[in-house]
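No lab work stands behind these numbers, since they all come straight from the coordinates. Quantities reported herein were computed from a predicted structural model and do not represent experimental measurements. As a convention, Cβ positions derive from the backbone with ideal geometry for all residues, glycine included, and neighbour counts pool all protein chains shown.
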Amino acid sequence: MPIRENIQLVRNKMAEACLRSGRNPEDVELVAITKTVNVEQINEAIGAGIRVVGENRVQEAWRKFQEVDKKVHWHLVGHLQSNKVKRVLQFADMIHSVDSVHIAREIQTQAEKLDRTIEVLIQVNTSQEESKFGLEPEATIKALEVISTFPNLKIEGLMTIGAFLPEPEDVRPCFKLLRELKEKANERKIVGVQLKALSMGMTNDYEVAIEEGSTMVRVGTAIFGERV
Ligand SMILES: *Cc1c(COP(=O)(O)O)cnc(C)c1O
C-alpha cells in the first residue's frame, strides 16, 4: 500500500487508542522509523505529514540527512557508540537511546564543544531480555541524578523497547513499568528533571503503548512495509 495511506491508517489507530484511554491525539507524536528506507520514500512520508524520522544507525542517518527534505526532525533511536557521538550531534534533535551514564557523559563532552544542547531520553530495559540495551529499571533514578548534572543534555523523558512477543497485550507490562518509573522519578524532584516524554510502542504494539501513556510511537513497518 502507498506510504500516504499507511500513515493515515496508523494515525487513525493512534486516534482510536487515544479515544479509548481518554487522551488527546495531539499529545502523541508519530516518529517514522526510516532505517533501510530510501530517500524517496522518506520524502514521500514527509509529504504525507511526517514531522519526525528516527534512525538506529548514525552513518546511515547522516548519509540520508544530507539528501532528505530539510523540514523534518531527526531522532536517533538505536544504541549509540562513543565514536559516533560527534556525528550524531551534527544532525539529530533528540537521542532516544541514552542507555548508560558513560554515553551521556560523552554526549555532554561533545555537545559542549559544539556549544549546543540536545534533548535526550533515557532508555530503560523493561523486558528483562539480556539482549536489550537500556538501564535496569532499578538503576534508572540513580542514573537520572547523575545525568541531570550534565548542562548540555536536556532530559525529556524515558524510552523502552517492549518485549518481543507476538501478542501486544503481553507487552503492556513493559509500558506500564516505564510510565510508573517516570512518575516515580518525577516524585523524587531531582533538580533539572521533569520527565514528560515516553517513547514506547512500535508497529506491533503502539496501540497498547498509547493506552499506557506513550507520547512518541516509533513506527517503521506499518508505514514502509517489511524491511528486506
Ligand atoms: C526498527 C525500530 C523501530 C520500528 O520497528 P517496527 O516494528 O518496524 O515498527 C522502533 N524502535 C527502534 C528502536 C527500532 O530499532
ILE33 long-range amide H proximity, modeled H, under 5 Å:
GLY54, VAL219, GLY220
HN-Hα J couplings of the range 52-62 from phi, Karplus 6.51/-1.76/1.60, θ = phi - 60°, integer Hz, Gly and Pro as x?
9, 10, x, 10, 10, 10, 5, 4, 4, 5, 4
Mind telling me which of LEU158, LEU144, LEU178 comes out most flexible in a GNM of the chain, alpha-carbon contacts under 10 Å?
LEU144
If amide H atoms are modeled at 1.01 Å from N in the peptide plane, then the residues at a separation of 5 or more from LYS154, or on another chain, having amide H under 5 Å from its own are ILE118, GLU119, VAL120
Here FRET efficiency (C-beta to C-beta, GLU226 to GLU112, R₀ 41 Å, nearest 0.05) is 0.50
Have a look at GLU16, GLU167, GLU55 and tell me which one the Gaussian network model of the chain (Cα, springs below 10 Å) gives the largest fluctuation.
GLU167
Could you name the lysines in cross-link range of LYS86, using Cα to Cα under 29 Å and dropping any fewer than eight places away on the same chain?
LYS35, LYS64, LYS70, LYS71, LYS113, LYS132, LYS142, LYS154, LYS182, LYS196
Hey, what do the phi angles of the range 167-181 turn into as Karplus ³J(HN,Hα) couplings, whole Hz, using 6.51/-1.76/1.60 and θ = phi - 60°, x for Gly and Pro?
9, x, 4, 6, 8, 3, x, 4, 5, 5, 4, 5, 4, 5, 5
So, with +1 on the Cβ of K and R and -1 on the Cβ of D and E, and no other charges, what is the size of the charge dipole of the range 5-45 about its Cα centre, to the nearest 20 debye?
220 debye
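What is the dipole size for the range 28-160, taken about its Cα centre, with +1 at each Lys and Arg Cβ and -1 at each Asp and Glu Cβ, in debye to the nearest 20? Intermediate values should be presented prior to the final figure.
On the way: 16 positive and 19 negative charges, 91 e Å.
The calculation lands at about 440 debye.
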Spatial separation of Cα centroids for the range 57-126 and the range 143-159, in angstrom:
14 Å
